[in-house]
Structures are given as C-alpha cells and as structure tokens.
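Notes follow the structure.
FYI, it's all coordinate maths here, none of it is from the lab. Since the model is a prediction, treat every value here as computed from it, not as a measurement. Here Cβ is always computed from backbone atoms with ideal geometry, including for glycine, and neighbour counts include all displayed protein chains.
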Amino acid sequence: MAYRYLVGADGGGTGTRVVLADAAGKELGRGSAGPSGLALGRDKAWQSILQATQQAFDAAGMAMPPLQEIAVGCGLAGVHNIHWTKEFVALNPGFGAVYAETDAYTTLLGALDGKPGAIIALGTGSVGEVLLASGQRREVGGWGFPVSDEASGAWLGMRAVNHLQRVLDGRDLANPFSGAVLAHCGGDKDAVFAWLAQANQTRYAELAPLVIRFAAEVDVARAIMLDAGAEVAIMAQALDPSGELPIALCGGLAAAVAVYLPAQLAGRVQKPQADSAAGAMILIQQYLQHRQHQ
C-alpha cells in the first residue's frame, strides 16, 4: 500500500519532535510536543506523537488526513525494552504503518545520513551507537535512568542535587551554584524533600542548564561537566576502539558538553548532518522499501 504521508518521530524524556513529508520524502512541516519516552507511558507516547503530528500538518497549512494514510517511523527512548515496545505498537491509534527503533539508531541515521560511523547522543538521557560497514550495530549505554545515562541532562541534574544535599548537610561549602539549585527545588530542606519525592528523569534534566551555567565560575559545577566529558570519551572508546570511524556528538546537550571533552576526542567529533527526527524519516522509508521487496 502506498501512503500519502510519512512521519519521522523522535521522542525522549523531555519532548517529541516530528518531521512530516509527502510520499516522495519531501519535507512539508515540523511539529513538537511533550515527552514520548516509553518509560513515561506507552499511551502518553502516542498522545505526544499525535499532538506533534497535528502541529506539523498545521505548520504545512494542511488538514491532517485519516491516520491510515500516514506511515510513521519512531525513534524513541525505551524501545530497548521489548515489552514496552510491543505495548506501544499494539496501542497504535490507527497509523497505516508503524516502525519503532531506539532513538539512538534514528539519531545515528540522521547524523551520518545512514552511513557507517558512531554517535553519542546527549539529551535527557544518553546513549551511543555504532553502525559498521557490515551493517552490524552495537549500542553503548542506554540502560536508562538512574543506573545509566552518563553525561545526560538527568545525570547532570542528579549530580547537582547531590551537591545541594551535601551543602545542606554541611558536608560541602555553599556557593552560587548550590544556591541556584536550592531555589529551583523550592528554597529550603523540606521543599527539597518534596521535590525529590516527585522527581523523575525529566525533572532532574531541568537542572542541567544550571550546571552548564555555573561551570564557568564554580569549581564543583565545572568538575561535573569535566566528568561528563570523560564519560563521553569512555563511550567513544567502547564504540570505536580503532578511532577510525566518524563520530558525531548529538542531542540538546552536545554543544555544552563538547567544551569539556578530552582534547584527543574533541579533535575527532563532528556535528550531526541532521537530527533524530530526520533519522526516523529515513527509518520509515527503509522499512517501507524493505516491505515492498519481500
């Protein structure tokens, strides 16, 4: 079956971004919505994807057609959990075709235009993936918050709150950075406890801008950013021990963390050619082509 429209959706713990194209792959519009990482709920993921898709049609100045006329490729945080993915696909609200992959893979497809190489994606979470010339893929990290996601927004935020706890206990000295984190979390110890009781990866990631902002003037914030750079280097080494493949640093925190990379890696990394939503568009195109030839 031919579909009138194609949608590439990139979803994580903070937001969802979609790109809308016609059947030939020509981009028509883009949209965005709230989180669609599968850990936050498979039904919620679809709600965000639908909202972002509607926004993309609005941006294109077009009415959204019946969903069965649209094929959607999804690059989502949490797809590595098979049970979540099966539940997500089963909850398809009516799209004519759905194909879901990890956001790491769609980030790689977009960043390197589908060609071999490696990416490290830094957003609310973090993950690295390599695509070899043989077609083999391998992922590093991506185990999920809080046990993994090194150098991510959530990881930076958790480190920030840990520092605040030490300051409130008298185990560390107060500074402008801890003061800003305290203000964000409610202003006093009781408020921090209440904030922690409601905290998830998205809320921790909201603190990442404070770490980045104060790294230039507060040693403890700078140390957190340097640790993030070191974690990225460890991921890069695991992805490509030979050091020969192109490697792109992607995601909303890429530019901020790039400043703190060890010098040897900083000289190697490149900017992505396109984003994960564009990669999800490549994904659905590849899926439909493969299905045609079966």
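Counting only residues at least eight positions apart within a chain, or on another chain, the lysines with an alpha carbon under 24 Å from that of LYS26 are LYS115, LYS271. Between the amide H of THR16 and those of ALA33, GLY34, distances stay under 5 Å, these residues lying 5 or more places away or on another chain, with hydrogens modeled in the peptide plane.
How do 181-194, 242-255, 113-126, 41-54 rank on mean C-beta neighbours within 10 Å, highest first? Before the final figure, lay out each step's value.
Values: 181-194: 14.9, 242-255: 18.2, 113-126: 24.4, 41-54: 20.2.
Result, highest mean first: 113-126, 41-54, 242-255, 181-194.
For region 189-294, the gyration tensor built on C-alpha atoms gives an oblate shape. Its axis ratio a/c (a ≥ b ≥ c) is at least 1.5, and a/b is not larger than b/c. Using the rule -39500 (n - 2.57) for each DSSP H run of four or more residues, divided by the residues of the chain, the 222 nm mean residue ellipticity is -13500 deg cm²/dmol.
DSSP beta bridges confined to the chain are antiparallel in about 55 percent of cases.
Based on the Cβ-Cβ distance of LEU28 and LEU91, what FRET efficiency does E = 1/(1 + (r/R0)^6) give at R0 = 30 Å, to the nearest 0.05?
Values: r = 26 Å, r/R0 = 0.86.
In this case the efficiency is close to 0.70.
Annotation: peptides 286-294, 31-39, ranked by per-residue average of other Cβ atoms within 10 Å with the highest first, follow the order 31-39, 286-294.
Of the chymotrypsin sites (Phe, Trp or Tyr not before Pro) found in region 95-142, no site is in coil according to DSSP while having at most 12 other Cβ atoms within 10 Å of its Cβ.
Straight-distance candidates among the lysines for linking to LYS44, with alpha-carbon spacing under 22 Å and chain neighbours fewer than 8 residues away dropped: LYS86. The magnitude of the dipole of the chain, with charges of +1 and -1 set on the Cβ of Lys/Arg and Asp/Glu and taken from the Cα centre, is near 280 debye.
Let's see if you can work this out: charge +1 on each Lys and Arg Cβ, -1 on each Asp and Glu Cβ, no other charges. What is the dipole magnitude of region 114-272 about its Cα centre, in debye to the nearest 20?
280 debye
Between amide H atoms placed 1.01 Å from N, distances below 5 Å from VAL98 occur with VAL72, all of them 5 or more places distant or on a separate chain. Name the shape class, rounded, prolate or oblate, that the alpha-carbon gyration tensor gives for region 26-81, where a ≥ b ≥ c are the square roots of its eigenvalues, rounded holds for a/c under 1.5, and otherwise prolate holds if a/b is larger than b/c and oblate otherwise. Since a/c reaches 1.5 and a/b is larger than b/c, the shape of region 26-81 is classed as prolate.
Along the axis of the charge dipole computed for the chain (Cβ charges of +1 for Lys and Arg, -1 for Asp and Glu, origin at the Cα centre), the listed residues HIS293, ALA9, TYR99 are led at the positive end by HIS293.
Among THR16, THR107, a tally of other beta-carbon atoms within 10 Å of each Cβ gives an order, fewest to most, of THR16, THR107. Based on Cα contacts under 8 Å between residues 6+ apart, region 10-136 shows a relative contact order of 21 percent.
Sort 228-238, 160-170 by packing, meaning the average of other beta carbons within 10 Å per residue, with the highest value first.
Numbers: 228-238: 19.8, 160-170: 16.8.
Ranking, from highest mean packing down: 228-238, 160-170.
With contacts taken as Cα pairs under 8 Å and at least 6 residues apart, the chain reaches a relative contact order of 21 percent. Here the Debye sum runs over all C-alpha atoms of region 114-272 as equal scatterers in vacuum, and log10 of I(q)/I(0) at q = 0.08 Å⁻¹ comes out as -0.25.
The alpha carbon centroids of region 170-240 and region 116-165 are separated by 16 Å.
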